Amino acid sequence: MREVMAESALEPPWVELSREDSSVMIIGIEVPDLATVLAPPVEAKEQAVIAHATVSDLYFEEGDEIEEGELFAVLFNDNGTCEIVAPASGLLMSLPYDEGDTVTSEAVLARIQTDR
């Protein structure tokens with residue numbers, strides 16, 4: 001059974017932590033809230049709505065080792081670009097999106113398996 005751990009204030013908002021057993025941790029790399037990271041500055045009364053972005057660059061493939069802080073992917077839309085970095089070091093287990101695919105906020109871009 002999968003247990004989802006609470007997000008701490010030090011973790012980026014797109015990191016989802018879960019525990020499969022006591023020796024392995026699975027970390028999901030999630031798309032951040034696109035309205036927050038890709039919206040142009042707006043007045044307080046206006047609410048930016050950004051529904052999607054395109055994966056322009058992926059720097060790793062499934063099965064690759066990735067280091068914490070390495071640039072993992074770049075997303076873009078008409079409002080700008082957003083760099084996604086690896087929240088932890090480990091083995092890239094799944095990568096459901098390809099370059100050119102459209103993603104939405106909070107979509108899981110990849111899962112990393114780390115040894116505790």
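For beta carbons closer than 6 Å, sequence separation of 6+ or different chains, a first residue in the stretch 52-77 that is outside any strand (DSSP E or B) and among the small types (Gly, Ala, Ser) and a second that is surrounded by fewer than 17 Cβ atoms within 10 Å (Cβ to Cβ) and at pLDDT below 95, the qualifying pairs are Gly69/Val85. Identify the residue in the stretch 89-106 that is small (Gly, Ala, Ser) and either out of contact with any strand residue (DSSP E or B) (no Cβ under 8 Å at 6 or more places or on another chain) or at pLDDT 90 or above (or both) and, among all such residues, is nearest to Val37 (Cα to Cα). The qualifying residue nearest to Val37 (Cα to Cα) is Ser105. Within the stretch 98-116, residues that are closer than 17 Å to Ala51 by Cβ sit with their Cβ atoms under 7 Å from residues that are assigned to a loop (DSSP other than H, G, I, E, B) and acidic (Asp, Glu), at 6+ positions apart or across chains, in these pairs: Ser105/Asp33.
Residues of the stretch 78-93 being assigned to a strand (DSSP E or B) and either more than 24 Å from Ala51 (Cβ to Cβ) or of a type in the set (D, E, K, R) (or both), which ones?
Just the residues of the stretch 78-93 that are assigned to a strand (DSSP E or B), to begin with: 80-85, 90-93.
Glu83, Gly90, Leu91, Leu92, Met93, listed by residue number.
The values are calculated or read from the model by the stated rules, or taken from the named source; none is laboratory data. Note that the structure is predicted; figures quoted are calculated from it, not measured. No Cβ is skipped: glycine too gets one built from the backbone with ideal geometry, and neighbour counts run over all protein chains shown.
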